[in-house]
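What follows is calculated from the coordinates using simple rules that are stated; it is not laboratory data. Please read these numbers as outputs of a predicted model, since none were measured by experiment. Here the Cβ positions follow ideal geometry from the backbone for every residue, glycine too, while neighbour counts run over all protein chains shown.
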Amino acid sequence: MSVPASAYAFLAGAITAEVAATTFLQKSEQFTKLVPTLAMAGLYALAFFLLSLALKHVPLAVAYAIWSGVGIVATAAIGAVLFRQTLDVPAMIGIAMIVGGVVVTQLFSRSTVHG
């Protein structure tokens, strides 16, 4: 089964919206700032809507593995750049293991649909 490019575009959009929403979650300061809180809520809604569109063609387990793996790496990078948050070696190893799991799933799993 071939996956249309739009499915992966929807998944990329969902990841982007989720990472942006998580960034606004940090900026909302526990929901005490209205604009970041509203941006966060809207972006999470958009992320799940786009994910639902991707799930029409991409299996849930595969989509979620990509979503979480890329989201974790992107969120960690944003945390480092925007918020000056640092990760210790065990955290970096853990993130690398998550990315490795996504790569293995994409390259070797028969469950993965390749377009």
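A full extension of the chain between Ala80 and Lys33 corresponds to an added length of 14.7 nm, given 0.36 nm per residue minus the alpha carbon distance.
Computed from the C-beta positions of Ala96 and Tyr64, the FRET efficiency with R₀ = 22 Å rounds to 0.70. Placing pseudo-labels 7 Å out from each Cα toward the beta carbon at Asp88 and Arg110 gives an inter-label distance of 4.2 nm.
Taking the Cα centre of the chain as reference, the dipole from Cβ charges on Lys and Arg (+1) and Asp and Glu (-1) amounts to some 120 debye.
For region 5-108, what does the alpha-carbon gyration tensor say about shape, rounded, prolate or oblate, given a ≥ b ≥ c as the root eigenvalues, a/c under 1.5 as rounded, and a/b over b/c as prolate? Cα axes put region 5-108 in the oblate bin. Applying both filters, DSSP loop and at most 14 other Cβ atoms within 10 Å, to the chymotrypsin sites (Phe, Trp or Tyr not before Pro) of region 1-47 gives Phe31. Relative to the longest principal axis of the Cα atoms of the chain, the long axis of helix 5-27 lies at roughly 20 degrees.
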